[in-house]
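Accompanying notes for the structure given below.
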Amino acid sequence: MLEVLKTARPAGRAALLLALAAGAAQAQVPAFASTAARPAPAASAATPAATPAATSLSAGDNAVRVLLMADTETVLLSQSIGRIITLNGGMGARVRKGQLVVALDCNESAGRLRMAQAELASARDTYDTKVRLKGLDAAGEVDVQLAASAVAKAEGQIQMTQAQVQNCSVHAPFDGRIAKLHVKPFQGVTAGQPLVELVREGPPRLRLNVPSRWLRSLKVGTPLRVEVDETGKTYPATVSAVNARVDAVAQTIEIEARISGSHAELLPGMSGTARFGAF
């Protein structure tokens, strides 16, 4: 190539130099293009992939939330109109079965009872008189029957007024504790008005919803353990009832369980986590 450049004329020499420069440029382009088109290196297998957020319970944990409920609870209502003269106990107080909880002023009902008793005495005297007169042929059979009807009516009136007087005193239907007071002493109340909420003492019931697919292994008597949030303790329990219907939307079924033994620290309204064995 040097011999050609030396023997060539100046004009031809310049053209030859330009051709050589163009060829060199074309030779460099493929190397640059191959470098630019080279794919990025794959991520190392040791690089950790993104993981979903951890859930509170694993798929095989067989744990569900549980609510503690009173075995029996009720609301005592006023059965008559009156003014409260006695209110035994406050919030959380213990009451015994048959204990007087609320007493109303029953002067009006007591007065009606005395009137009914006087009417009954009068009706009985009239009946006895009619019977004697009938024996003397001075009264007919119809007179005696009317007098007997008056006696029965007076007796019914007494039964009704006695019930009204009894409704003025509200007694506890079972041993329990007062959960809520709806009234205050000396307050006037009407018929049907709530007075006191009572909950029965004793081990509370457990209510929880479990996946319906657990029915293949879950039954009455199945053991479980309950971790109560408020006490921080774990208690043994067994399934006591299974609902007769599955929630078709949530695909769950409601069950109840009973905690073994007596635990005074457990109160209705507490919650926790129930854990079953492997299904």
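All of the numbers you see were taken from the coordinates with simple rules; none came from a lab. Keep in mind it's a predicted model, so treat the numbers as computed, not measured. Please note: Cβ atoms are built from the backbone with ideal geometry, for glycine as well, and neighbour counts cover all protein chains shown.
Along each of the three principal axes of the Cα atoms of the range 146-205, give the extent in whole Å, ordering the values from largest to smallest.
On the principal axes, the range 146-205 reaches 58, 29, 14 Å in Cα extent.
Need one number for the range 74-227: average projected area of the convex hull over its C-alpha atoms, nm².
Projected area, direction-averaged: 16.5 nm².
Give the peptides 123-136, 236-249 in descending order of average Cβ contacts within 10 Å, highest first.
123-136, 236-249
Leaving out same-chain residues fewer than 8 places away, which lysines sit with a Cα under 29 Å from that of residue 180?
Partners found: 97, 233.
Which whole-Hz couplings ³J(HN,Hα) result when phi for each residue of the range 110-115 is put into the Karplus expression 6.51 cos²θ - 1.76 cosθ + 1.60, θ = phi - 60°, listed in order with x for Gly and Pro?
5, x, 5, 5, 5, 4
In whole percent, what relative contact order does the range 56-154 give with Cα contacts below 8 Å and a gap of six or more residues?
19
Assign unit charges at the C-beta atoms only (+1 for Lys and Arg, -1 for Asp and Glu), then state the dipole size of the range 107-233 relative to its Cα centre in Debye, rounded to the nearest 20.
Roughly 940 debye for the range 107-233.
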